[in-house]
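Contents: one structure, followed by commentary.
Bear in mind that the values in this text are calculations on the coordinates, not laboratory data. Remember, it's a predicted structure, so these values are computed and weren't measured experimentally. So basically every Cβ, Gly included, is an ideal-geometry build from the backbone, and we count neighbours across all protein chains shown.
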């Protein structure tokens, strides 16, 4: 199973990220979508949550997915520290999960040192991305092992 993970598109998603996401069996967007129409580019089933800039969208604040090998929780993260969400707080809030996906910081983060794993795909759009649009792919194999790969694209396609 291959799951595409992105966040913080702010109304625009890099074309290479769209292509990569559409090669997945499921897509997760961790908020700050801004323009719901940007999600229309996706062909795979989508789980999206509301970010701090998405009050006008009708998504949930938190989503939980039961996947082979464990539970994945998605939330934007801003409720766990405004500038830098606390990984400790996210772990405490979702102690039963295998992985928590959050956004908000626009910075890619892979914290697999504790349980649950705390993962941020980084910004998939052009806003505060440091010149590089980012996303992740979660691959779950037949033995239910989880592996994460980072994908980065210059924001001038």
Any chance you could list P(r) for region 3-43, counting all Cα-Cα pairs in 5 angstrom bins from zero, rounded to whole %?
6, 26, 39, 24, 5
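Does region 2-154 come out rounded, prolate or oblate, given a ≥ b ≥ c as the square roots of the eigenvalues of its C-alpha gyration tensor, rounded meaning a/c under 1.5 and, failing that, prolate meaning a/b above b/c?
rounded
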Can you give the calculated 222 nm mean residue ellipticity of the chain, where each DSSP H run of n ≥ 4 adds -39,500 (n - 2.57) and the sum is split over every residue, rounded to the nearest 500 deg cm²/dmol?
-2000 deg cm²/dmol
Rounded FRET efficiency, nearest 0.05, which uses the C-beta distance separating residue 58 from residue 82 and R0 of 22 Å:
0.35
By how many nm would the segment from residue 41 to residue 132 grow when fully extended, if each residue of separation counts as 0.36 nm and the alpha-carbon distance is taken off?
30.8 nm
